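Below is one structure; the comments refer to it alone.
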Amino acid sequence: MRRKRKFLFRFLTAAISALFIFGAVFATITVPNFEALDSRNIVQSTKIYDRTGEILLYDIHGDIKRTVIPFSKIPSHLKEAVVSMEDQNFYKHFGISPTSIIRAVFVNIFSGQFKQGGSTITQQLVKNTFLTPEKTVSRKIKEWVLAVKVEFKYSKDEILGFYLNQVPFGSNAYGIEAASQNYFDKHAENLDIAEAAYLAGMLQAPTRYSPYGSHRDELEARKNIVLGRLLDNGQITKEEHEEAKMEQVKFAVKAVRGIKAPHFSLFVKEYLVEKYGEDIVERGGLKVTTTINWQWQEKFEDLLRTRSAENEKNFSAYNAGLFAIDPNTGQIMSMVGSRDYFANPLPEGCSPGLDCKFDPQVNMTLRSRQPGSSFKPIVYAAAFAKGYTPNTALFDLRTEFSVYCSPYGIPDPGIDLEKCYRPENFDNKFRGPISLKEALAQSVNIVAVKVLYLAGLSDSLKTARDLGITTLNDPDRYGLTLVLGGGEVKPLELTGAYSAFANGGYYVPYTPILKVEAADGSVLEEYSENKTQALDPNIAREISDILSDNAARAPAFTENSALYIPERPVAVKTGTTEDTRDTWVVGYTPNIVIGVWAGNNDNSKMERKVAGLIVAPIWNSAMHLIFNDLPVETFEKPSVPEPDKAVLRGEWRGGRIYKIDKMSGKLATDFTPEELIEKKVVPEVHSILYWIDKDNPLGPAPQNPSGDPQFKNWETIVREWAASRGLYDQSDSIIPTQYDDVHIPEYFPKGEIIINPQRNDFPIGTRITAAVNVEARFQVEQVDIFINSEYSGSYKIAPYEFPVDIAGSPGQEIKITALIYDYAKNKTEIEKVIRVSEN
């Protein structure tokens, strides 16, 4: 109750104060002349720089466009569309909306400033034209006062006309005429209903909803909302609504002058707008120092321009994108969103906003595309986290994964053939048993699908989310195809995810910003380290060890492919989607990650080639272009896990292991030398699901393996494969029943260290002779001598004599150690201690 009274008191105090200020300001403020739009507040331009703070990438207000046109030349459907989205009660209120103001006061009562506005068209007009962009109580009250006075002085149509002639539509276009020319290359009076709906839909956030940006789907939704409101208001017919909704609107080629790293610069602008608002970015005079390396950016833009032209000719791959990131900081070092942002004319039959093979101003590093096999390392990482290892062996055999179909791909009665799922390897080969390391390095599809099943779809998606991938939100659609690229990801997010493999398992969010400064020089934002442990460090090292192993990769890609860089350790993975619609290479060193995508914007097919041919040469060249700027760093080697279960260690011939002594052929004991122990398996070839519970691979073997829905299909094919090669089960009778009787304590060598002369203390500087007397059942092979734990020498012939020099201080002990080995590798250690005497 006390809290409610306190809140009510603060609200009434704020409301009364606001009314008092409103009245005072109302009496003193005058209405500006809206016909003189050039008298608007001086705009302070936001400038975006490279990481040195010296190279200007983009002056956001470098090319302002505005043309004032008569109200009569603005189409009625455009006026109605704007009013329906921006201020549905425009023709009913007197400049402000009291209910919106009350709501704003409630929301912001404790903040001391207005974060929520409730602005009418009239308020937007005075705010954008004559007020500064800061958000304060006093400025908001001035806005209310001006709005009311404007309503007294001008008619509604005049106000709407002023508004439509100055409102910002993004891309430096102010007013409806400039927007029409900018987006549709036509006069405003010629806009049709669909085009008007697009412009009205953009007004709320012109940067975010730009047809040239990465949120085109949101713009489409906004356009449809506008059309729906016009229909509901009776301002268009149902036929006009359907026609406008289905119309394929052609957007004009975006003309941007004086911009460097254009896709990146516009990406930064969108980030700034999302964080600080359109007003601040458009008019606030920010200085933005970004993370981009301009020298790299220039090189990469030229590389993609040249190589994409070659790919168009050779592979029907019209476009490409590249993203480079520092894996330890998340700082974006380069972003090239297409083969050439400034390409003009567009490919025949193409315009911005329509699907085409190459749309230069669409930033493909932000678009969701199927990653093909480049997603596999994330799934393998999830499997390793569960207990599987790089040595774990699976069978690369033709396998049916649908539980509704037989092991041979025949659907059950009443089931459509489309329900069956038998993926192919790209080379149409089947390798039989293969380690997970070899399978990932060689990008074997069938094994990858098995790995996803073992790791679990849910756990694999969680791993992807932990690594920063945000687009995989429909698991029922992907199923087991996820590991082969069945879900769409953004190149910048997948490249960022690989950073965790490079940096020891940390998720480091990507960032384009080093510093943002306000017009007065105050720092609004500055880079600081931000990382989260997303993977066990050893798992990250395991993935890097696999992806950097050229020998493991060679059987599929050859030893001298474009994936191999001999100058330094580099880890890399390719990805090619079904029907070759997308090709990827993501590769990294410990200090840089570069992801390259190639394909066509309209998702049309390229020539059926692997990514190693289409996009790997671009990636290889990109790496070489910057190596002189980066020190050579090596990947830390992973520890080798040794789980108890044979199948997890890579033994596919059977799950029951026994150890024998190589010399006697009998069962090894605790006394059997390690180098003479041989692990053997009772031959019994099964699929991995026979030996492990997939959800608890380190736990006990399943009591009923057939309870796993995949067991029948996997097991049937594996058993048939084994039988075709004469690999039949054997029983425990092959296991020896006797134990090693060569390496037993009573057979160990026996010995004694004899000192000559026979005493226990000797003066400093004396050289004495020592010998080892040995008794052994088996011939002695060698005697190793250590003096105070330091190796002194080895002797193979009796009497095993050796000198000892007396050194040290009086009373100090000298320990002589002899290790005696016989030919059966039995070993005995003996010691003798003497001392340094006073004289």
Scope region 67-97; condition under 21 Å from ASP185 (Cβ atoms) and either of a type in the set (Gly, Ala, Ser) or surrounded by 14 or more Cβ atoms within 10 Å (Cβ to Cβ) (or both); matching residues: THR67, VAL68, ILE69, ILE74, PRO75, HIS77, LEU78, ALA81, VAL82
Count - residues of region 215-249 that are loosely packed, with under 14 Cβ neighbours inside 10 Å and not hydrophobic (A, V, I, L, M, F, W, C): 9
Any hit, region 749-762, residues being more than 30 Å from GLY409 (Cα to Cα), in the same structural domain as ALA807 (by the TED database), among the small types (Gly, Ala, Ser) and open to solvent by 50 Å² or more (accessible area, probe 1.4 Å): no
Whichever residue in region 616-629 is in contact with a strand residue (DSSP E or B) (Cβ under 6 Å, 6 or more places away or on another chain) and of a type outside the set (Phe, Trp, Tyr) and, among such residues, is nearest to ASP582 (Cα to Cα): ALA616
Verdict on GLU746 being among the acidic types (Asp, Glu) and touching a residue at least 60 places away in the same chain (Cβ under 8 Å): no
Pairs, first under 13 Å from LYS357 (Cα atoms) in region 304-327, second surrounded by 24 or more Cβ atoms within 10 Å (Cβ to Cβ) and among the aromatic types (Phe, Trp, Tyr), C-beta under 6 Å, six or more apart: GLU312/TYR318
TYR174 vs. criteria in contact with a Leu (Cβ under 9 Å, 6 or more places away or on another chain) and within 22 Å of LYS245 (Cβ to Cβ): no
Residue list for region 642-685, restricted to those being within 23 Å of ASP741 (Cβ to Cβ), open to solvent by 20 Å² or more (accessible area, probe 1.4 Å) and touching a Phe, Trp or Tyr at 6+ places or on another chain (Cβ under 9 Å): SER664, LYS666, LEU667, ALA668, THR669, PHE671, LYS679, LYS680
Matching residues, region 253-306, being of a type in the set (A, V, I, L, M, F, W, C), part of a loop (DSSP other than H, G, I, E, B) and either open to solvent by 20 Å² or more (accessible area, probe 1.4 Å) or in contact with a His (Cβ under 7 Å, 6 or more places away or on another chain) (or both): VAL253, ALA255, VAL256
Answer residue from region 193-214, given it is farther than 23 Å from GLN124 by Cα and at pLDDT 90 or above and is surrounded by the fewest Cβ atoms within 10 Å (Cβ to Cβ) among those: ALA194
Residue selected from region 438-494 under the condition basic (Lys, Arg) and surrounded by fewer than 22 Cβ atoms within 10 Å (Cβ to Cβ), by the criterion farthest from the chain's Cα centre (by Cα): ARG477
Only listed residue being over 23 Å from GLU578 (Cα atoms), of a type in the set (Val, Ile, Thr) and touching a helix residue (DSSP H, G or I) at 6+ places or on another chain (Cβ under 7 Å), chosen from THR389, THR365: THR389
Considering residues of region 425-437 that are of a type outside the set (A, V, I, L, M) and in contact (Cβ under 8 Å) with a residue 40 or more places away in the chain only, the residue least open to solvent (accessible area, probe 1.4 Å): GLY432
Residues satisfying the stated conditions in region 643-689, i.e. free of Cβ contacts under 8 Å to residues at least 60 places away in the same chain and aliphatic (A, V, I, L, M): ALA646, ILE657, ILE677, VAL681, VAL682, VAL685, LEU689
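The values are calculated or read from the model by the stated rules, or taken from the named source; none is laboratory data. What you are looking at is a predicted structure, and each value in this text was computed from that prediction instead of being measured. We place every Cβ from the backbone using ideal geometry, glycine too, and count neighbours over all the protein chains shown. Remember, those area values only see protein heavy atoms, side chains included, never the ligands or the DNA or RNA. Shrake-Rupley method; radii C 1.70, N 1.55, O 1.52, S 1.80 Å.
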